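The values are calculated or read from the model by the stated rules, or taken from the named source; none is laboratory data. The structure presented is a predicted model; accordingly, all values stated were derived computationally and were not measured. No Cβ is skipped: glycine too gets one built from the backbone with ideal geometry, and neighbour counts run over all protein chains shown.
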Amino acid sequence: MKNLSLKIDDDIFQETEKILSKLKTNRNRYINEAVDFYNMLHKRKILTKQLKKESLLVRNESMKILREFDESEYENESV
């Protein structure tokens, strides 16, 4: 486990302390769970962005192939 020095805004600290008192959990565990959740959120956002980019590439390539098929069919009909 790594030690970390953290500066946190006063209002965030106060709200965190209120929540911790109601949850009956320690600050370290709470912050670890919060960072873990935030990491998962950003991993999902990064993956979503990557999938959208790759989907667009595949879509563009698929449209190109469909146009080529259409052109090929049109040429075969006129022969």
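Only one of (1) exposed (fewer than 10 other Cβ atoms within 10 Å of the Cβ); (2) modelled with pLDDT of 95 or more; (3) more than 26 Å from the chain's Cα centre (by Cα) is not met by Ile12, so which one is it?
So the condition that Ile12 fails would be (3).
Let's see how each residue does on (1) under 21 Å from the mean Cα position of the chain (by Cα); (2) among the small types (Gly, Ala, Ser); (3) on the phi < 0 side of the Ramachandran plot:
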site: Ser21; (1), (2), (3): no, yes, yes
site: Tyr30; (1), (2), (3): no, no, yes
site: Val35; (1), (2), (3): yes, no, yes
site: Asn39; (1), (2), (3): yes, no, yes
site: His42; (1), (2), (3): yes, no, yes
site: Leu56; (1), (2), (3): yes, no, yes
site: Lys64; (1), (2), (3): no, no, yes
site: Asp70; (1), (2), (3): no, no, yes
